[in-house]
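Q: What follows is a structure written as structure tokens; I'll ask about it next.
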Amino acid sequence: MGLFDSIRNAFGSSQKHQVIDVDTRYERMRTSAVGTMSSFYVAKDHKTDRLVGVKLLDVEKHEQFEARFKGLKKPGEAEIALSMHHPKIVETYEAGVTPKGQPVIIMEYIEGPSLQQIIVKKQRHLIAGIETTLIRDMAESLKYVHDQGYIHRDICPRNYICLPDMSGLKLIDFGLTVPATPPFMAPGNRTGTPLYMSPEIVRRRPTDKRVDIFSLGVTCYCLCTMQHPWQGEVVTGKAALQHDTTEPTPILERAPDLDPKLARLIMHALQPSVEKRVQSIDQFLATLRTIAA
């Protein structure tokens, strides 16, 4: 697969490949993150005078990822991101390629911390009393993704960004998102963030939208306790192999003041057995609303 094919796959065959001169149009303010498949930095848009997030995709890594779906007409990350319009999802403004041919996505920038930063720093005071609100926002954003016919496949604290005033949060990153159709749910696509991966992904079994429910459950657990359900293996990353062989620490042992109904919902969501897990994001939200009422 050549460079053009990589770009076409990353952006979707129907996406117009506009050239975005990021070096001329944007003033780089600071680098926020460098990952295995992309880099992200904050920049000032000289056209609009607003701060934006600039995501540059690694062509080679995306070529390897997209090769898993050869012949399946998978929509690319930018195509998916551009189609998402929801108050709890970061808005994607435009996408294209740099003059050098590197895929780039321009998106809304939110100043607040990610849930990952809050959890790693154990800043419990920032979310005290608003856990249910944040969990509702997480669930509503995921419901929208599922309603659009997709599986996010990378629900984790890193991909939720809090608003500066901590009144809510937004979902980001559709790099691993796939359509919720049989060709994309077949065994073998073991991608995601290992500590939040469902057992069926780890064990290369058939998947469906419930992989996101498991990841959401683990994320909610981490939010409420500042710890991972399988905390003992977090440092080495072996927790993914324990998700269906070792019982997680009961959430009320680590957060005894948590609403018992919310605790049960979270533990239900991270059940290793697909059949015993919360069956849909609608079911999760319906239960959550009875707790928040």
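Q: Can you name the residue in region 162-199 that is β-branched (V, I, T) and within 10 Å of the chain's Cα centre (by Cα) and is also surrounded by the fewest Cβ atoms within 10 Å (Cβ to Cβ) among such residues?
A: T193
Q: Out of everything in region 133-161 that is buried (at least 20 other Cβ atoms within 10 Å of the Cβ) and of a type in the set (S, T, N, Q), what residue ends up being farthest from L115 (Cα to Cα)?
A: Once the filter is applied, the top-ranked residue is S141.
Q: Okay, next question. Give the residue that is modelled with the highest pLDDT, with candidates limited to residues of region 22-69 that are within 30 Å of F184 (Cβ to Cβ) and among the charged types (D, E, K, R).
A: So, considering only residues that are within 30 Å of F184 (Cβ to Cβ) and among the charged types (D, E, K, R), the one modelled with the highest pLDDT is K55.
Q: When you scan region 19-37, how many residues do you find that are under 21 Å from E79 (Cβ atoms) and either more than 26 Å from the chain's Cα centre (by Cα) or basic (K, R) (or both)?
A: 1
Q: Collect the residues in region 19-59 that are out of contact with any Ser or Thr (no Cβ under 8 Å at 6 or more places or on another chain) and within 27 Å of V178 (Cβ to Cβ), keeping them in residue-number order.
A: Correct list: S32, V34, G35, T36, M37, S38, V52, V54.
Q: Restricting to region 80-98, and then to whatever is outside any strand (DSSP E or B) and in contact with a helix residue (DSSP H, G or I) (Cβ under 6 Å, 6 or more places away or on another chain), can you tell me which residue is surrounded by the most Cβ atoms within 10 Å (Cβ to Cβ)?
A: K88
Q: Let me ask something else. On the basis of being of a type in the set (G, A, S), in a loop (DSSP other than H, G, I, E, B) and within 18 Å of T31 (Cα to Cα), does G71 make the cut?
A: Answer is no for this residue.
Q: Select the helices (runs of 4 or more DSSP H) contained entirely in region 99-174, then report the ones holding at least 2 residues which are touching a strand residue (DSSP E or B) at 6+ places or on another chain (Cβ under 8 Å) and farther than 17 Å from E77 by Cα.
A: Answer list for region 99-174: 115-120, 131-147.
Q: Quick one: which residue in Q116, Q123 is closer than 25 Å to P229 by Cβ, in contact with a Phe, Trp or Tyr (Cβ under 9 Å, 6 or more places away or on another chain) and either of a type in the set (S, T, Y) or surrounded by fewer than 18 Cβ atoms within 10 Å (Cβ to Cβ) (or both)?
A: Q116
Q: Still on this structure, please answer the following. So the check is Cβ under 6 Å with 6+ separation or different chains; which pairs have a first residue in region 218-231 that's assigned by TED's automatic domain parsing to the domain that holds F284 and under 14 Å from I127 (Cβ atoms) and a second one that's part of a helix (DSSP H, G or I) and of a type in the set (V, I, T)?
A: C220/I135; C220/I266; Y221/I251; Y221/I266; C222/I119; M226/I119
Q: Can you run down the residue pairs with Cβ atoms below 9 Å, 6 or more apart or on separate chains, where the first is in region 56-73 and closer than 17 Å to R153 by Cα and the partner is part of a loop (DSSP other than H, G, I, E, B) and charged (D, E, K, R)?
A: Hits for this filter: E66/K74; R68/K74.
The values are calculated or read from the model by the stated rules, or taken from the named source; none is laboratory data. The structure displayed is predicted, hence computed values, not measured ones. Positions of Cβ are backbone-derived with ideal geometry, glycine not excepted, and every protein chain shown enters the neighbour counts.
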